[in-house]
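Trainee: Dumping the structure here so I can ask a few things about it.
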Amino acid sequence: MNEFQVELPDGSMMPRLGMGTWYLGEGRRPQTEEIEALRTGLDAGMRLIDTAEMYGEGEAERLVGKTIAGYRREDLYLVSKVYPHNAGRSHLRESLEASLDRLGTDYLDMYLLHWRGSVPLAETVACMQDAVDAGLIRRWGVSNFNLADMRELLSLDGGANCCANQVLYHLGSRGIEVDLMPWLAERHIPIMAYCPLAQAGGLQRGLIDSAAVRNVAQSHGFTPMQVLLAFVLHQPNAIAIPRSGSREHTLENAAVLQNPFTDEEFEELSRAFPAPNHPVPLDME
Ligand SMILES: NC(=O)c1ccc[n+]([C@@H]2O[C@H](COP(=O)([O-])OP(=O)(O)OC[C@H]3O[C@@H](n4cnc5c(N)ncnc54)[C@H](OP(=O)(O)O)[C@@H]3O)[C@@H](O)[C@H]2O)c1
């Protein structure tokens, strides 16, 4: 592993900093601005883009498709997610092909089950494996799986091919450090941290304007949002996918890789916002 990539269970490397796309492509900003933000990120080295069929019911994938037109496919790392109700024999292939079509590509680097639904896990695993064999996805993973879900998944035929678990993780929500994160780390399965900026601080009152975040921001020359991102990236088994529709914010996020935290800075933040000392339910906002 180097600082910017993490090795997956299949031996391939995955970038540790990418871009989320929830709420992009839905008209909150002019599309040209959002495309410019994503291209700025790609050009700054954030070549991983996380999206989902759910986001804007395909609009985020369409926006990503427009964004990446003209880029070399092998320079990109595209992740999308299937709705749980589409993650079985009857719909997964159709959903996947629709995502590929909107993205304007013929394969995904990783395909995730967005959250666990009523389709039996073994059926989803078999469909994912079929999609790998068909060359439509390079590998697959899951999202919003707690430790019990992960144990069950890895006990299934082919379940150990799961390459990532995308879960909520930020300075103010550290429950996964108690059990899920170490369990995954032992198996070299990274977490993809969603909401790494706690949705610009909105998920937890008092986080970005706390004394600890402000102090570290000032001494390190970061904005509070960069502090939150650097905190997540200090965890060696974490990939972070902050979302921004702003060119300036995207550049700030990309810059975090050039200036990582020391262990002391990590500890200072950690003391102010400690992980719980007992297992807690998986946070989903
Ligand atoms: N698997 C799941 O169930 C799941 C759930 C939630 C999210 N996700 C994925 O994770 C991604 C990230 O999570 P998220 O979008 O919920 O939240 P987030 O990345 O924690 O926060 C996004 C917010 O932060 C702002 N922001 C970004 N960079 C900033 C900066 N440098 N300075 C100031 N503000 C900044 C953005 O506004 P601007 O646009 O103005 O920059 C936006 O309001 C999603 O987009 C999605 O791809 C997955």
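The values are calculated or read from the model by the stated rules, or taken from the named source; none is laboratory data. Owing to the predicted nature of the structure, the values given are computational and were not obtained by experimental measurement. We place every Cβ from the backbone using ideal geometry, glycine too, and count neighbours over all the protein chains shown. For the accessible areas, the whole protein counts, side chains as well, though only heavy atoms, and no ligand, DNA or RNA atoms are used. Shrake-Rupley method; radii C 1.70, N 1.55, O 1.52, S 1.80 Å.
Trainee: How would the chain be classified by its alpha-carbon gyration tensor: rounded, prolate or oblate, with rounded meaning a/c under 1.5 and the a/b versus b/c comparison settling the rest?
Mentor: Details: a/c = 1.80, a/b = 1.23, b/c = 1.46.
Judged from the Cα gyration tensor, the chain comes out oblate (a/c at least 1.5, b/c at or above a/b).
Trainee: In the neighborhood of Phe145, defined by Cβ-to-Cβ distances under 14 Å, what is the net charge if each Lys or Arg adds +1 and each Asp or Glu adds -1?
Mentor: 0
Trainee: Taking a label point 7 Å from the Cα of Arg247 along the Cα→Cβ vector, which residues of the range 60-81 have an amide N closer than 16 Å to it?
Mentor: Under 16 Å, as judged by backbone N against the label point of Arg247, lie 67 of the range 60-81.
Trainee: Tell me whether the range 81-150 comes out rounded, prolate or oblate; compute the Cα gyration tensor, take square roots of the eigenvalues as a ≥ b ≥ c, and use a/c under 1.5 as the rounded threshold.
Mentor: Numbers: a/c = 1.73, a/b = 1.63, b/c = 1.06.
Prolate.
Trainee: Still on this model: Output wanted: per-residue J couplings in Hz (rounded whole) for the range 150-155, from phi through Karplus 6.51 cos²θ - 1.76 cosθ + 1.60, θ = phi - 60°, x for Gly and Pro.
Mentor: Whole-Hz 3J(HN,Hα) from phi for the range 150-155: 5, 4, 5, 4, 6, 7.
Trainee: Also: Between Ala98 and Ser12, what is the label-point separation in nm under the 7 Å Cα-to-beta-carbon projection?
Mentor: A separation of 2.4 nm, rounded to one decimal place.
Trainee: Round to a whole angstrom and tell me the spacing of the C-alpha centers of the range 172-220 and the range 35-63.
Mentor: 22 Å
Trainee: Further, regarding this structure: Return the long-range amide H neighbours of Leu112 (sequence gap of 5 or more, or a different chain), with a cut-off of under 5 Å between placed amide H atoms.
Mentor: Ser80, Lys81, Val82, Gly141
Trainee: At what distance in angstrom do the alpha carbon centres of the range 69-138 and the range 251-280 lie from each other?
Mentor: Cα centres, the range 69-138 to the range 251-280: 32 Å.
Trainee: In deg cm²/dmol and to the nearest 500, what is the mean residue ellipticity at 222 nm of the chain if only DSSP H runs of at least 4 residues count, each as -39500 (n - 2.57), divided by the residue total? Don't skip to the end; give the middle numbers.
Mentor: On the way: 10 runs with 103 residues, N = 285.
Rounded to the nearest 500, it is -10500 deg cm²/dmol.
Trainee: Let me ask something else. Can you tell me, using C-alpha contacts under 8 Å and at least 6 residues apart, the relative contact order of the range 15-61 as a whole percent?
Mentor: On the way: 55 pairs, mean separation 25.6, N = 47.
Taking the mean separation of contacting Cα pairs over the length of the range 15-61, I get 55 percent.
Trainee: Report, for the chain, the % of DSSP beta bridges that are antiparallel, rounded to 5.
Mentor: Working: 5 of 30 bridges.
Looking only at bridges with both residues in the chain, the antiparallel portion is about 15 percent.
Trainee: Taking the solvent-accessible surface of protein heavy atoms with a 1.4 Å probe, what is the per residue accessible area of the chain in Å²?
Mentor: 42 Å²
Trainee: Which Rg and Dmax, in Å, describe the Cα atoms of the range 132-202?
Mentor: 13.4, 41
Trainee: If you average the sequence gap of Cα pairs under 8 Å that are 6 or more apart and divide by the length of the chain, what percent do you get for the contact order?
Mentor: Values: 532 pairs, mean separation 61.1, N = 285.
This gives 21 percent for the chain.
Trainee: Stokes-Einstein D for the range 179-259 at 4 °C, 1.567 mPa s, Kirkwood Rh over Cα pairs, in µm²/s? The partial results should precede the final answer.
Mentor: Working: Rh = 13.4 Å.
Stokes-Einstein gives a translational diffusion coefficient of 97 µm²/s.
Trainee: Between Glu267 and Glu123, 0.36 nm times their residue separation minus their Cα-Cα distance comes to what? Let's see the in-between values first.
Mentor: Details: separation 144, 0.36 × 144 = 51.84 nm, distance 4.26 nm.
Taking 0.36 nm per residue and subtracting the Cα distance, the gain is 47.6 nm.
Trainee: Could you compute how much accessible surface Arg187 exposes when probed at 1.4 Å, giving the result in Å² to the nearest 10?
Mentor: Here the residue's solvent-accessible area equals roughly 90 Å².
Trainee: Taking all protein chains in place and a 1.4 Å probe, what share, in percent, of the accessible surface of the chain do carbon and sulfur account for? Write down the numbers at each step before the final one.
Mentor: Values: 5780 of 12050 Å².
That share works out to 48 percent.
Trainee: Between Glu152 and Ala255, what FRET efficiency comes out of the Förster formula 1/(1 + (r/R0)^6) with R0 = 35 Å and r the beta carbon distance, rounded to 0.05?
Mentor: 0.30
Trainee: Sticking with this structure for a sec: With a ≥ b ≥ c the root eigenvalues of the C-alpha gyration tensor of the range 1-89, is it rounded (a/c under 1.5), prolate (a/b larger than b/c) or oblate?
Mentor: Numbers: a/c = 2.16, a/b = 1.16, b/c = 1.87.
Because a/c hits 1.5 or more and a/b fails to exceed b/c, the range 1-89 counts as oblate.
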